[in-house]
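> Before we start, here is the structure in question, set down as structure tokens.
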Amino acid sequence: MHARLEAVKPRTTDLQIRGIPVATRDKLRRKAESNGVSMSQFLIDLIDREVNTMPLDEWIAMVRKNPPVDLGGLSAADLIHEERAERDAHWDEIWGLDKPKK
């Protein structure tokens, strides 16, 4: 006998925000409509993104724990230019732009 698996609905609560300027509310409504969601869903998504984003100070502390990367004496800019040149050469070859014109 298989147990029926039902989706567990997360607990929710209501939140009221006072003092929102009418112009701000209207902008929120337009953004929600352009995203095809209710204003409540738009705000829930916005709040979720914000609370799930790592604070900058925590991110910096995490990055500083990593050992330095040896770039072989080159600067990061030089490595980026080198990679882009290789990529451009690859596409030039694919599109036949590396061949002299007759």
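Just so it is clear, none of the values below were taken in a lab; they were calculated from the coordinates. The structure presented is a predicted model; accordingly, all values stated were derived computationally and were not measured. FYI the Cβ positions are ideal-geometry reconstructions off the backbone, even for glycines, and counts take in every protein chain you see.
> In deg cm²/dmol, rounded to 500, what helix-only [θ] at 222 nm does the chain give when every DSSP H run of at least 4 residues adds -39500 (n - 2.57) and the total is split over its residues?
When only DSSP H runs of four or more count, the value is -17500 deg cm²/dmol.
> The list (i) -0.51, -1.16, -1.36; (ii) -0.88, -1.18, -1.27; (iii) -0.58, -1.03, -1.15 gives values of log10 I(q)/I(0) by the Debye sum over Cα atoms at q = 0.14, 0.21, 0.23 Å⁻¹, and only one came from this structure; which label was calculated from it?
Here log10 I(q)/I(0) by the Debye sum over Cα atoms at q = 0.14, 0.21, 0.23 Å⁻¹ agrees with entry (ii).
> To the nearest 20 debye, what charge dipole does the chain have about its Cα centre, counting +1 at the Cβ of each Lys and Arg and -1 at the Cβ of each Asp and Glu?
With Lys and Arg at +1 and Asp and Glu at -1, about 720 debye.
> Stretched out fully, how many nm does the piece from Ala76 to Lys31 gain, at 0.36 nm a residue minus the Cα gap?
So the extension gain works out to 12.3 nm.
> Summing Lys, Arg as +1 and Asp, Glu as -1, what charge do residues with Cβ under 14 Å from the Cβ of Lys31 carry, Lys31 excluded?
Net charge in that neighbourhood comes out at +2.
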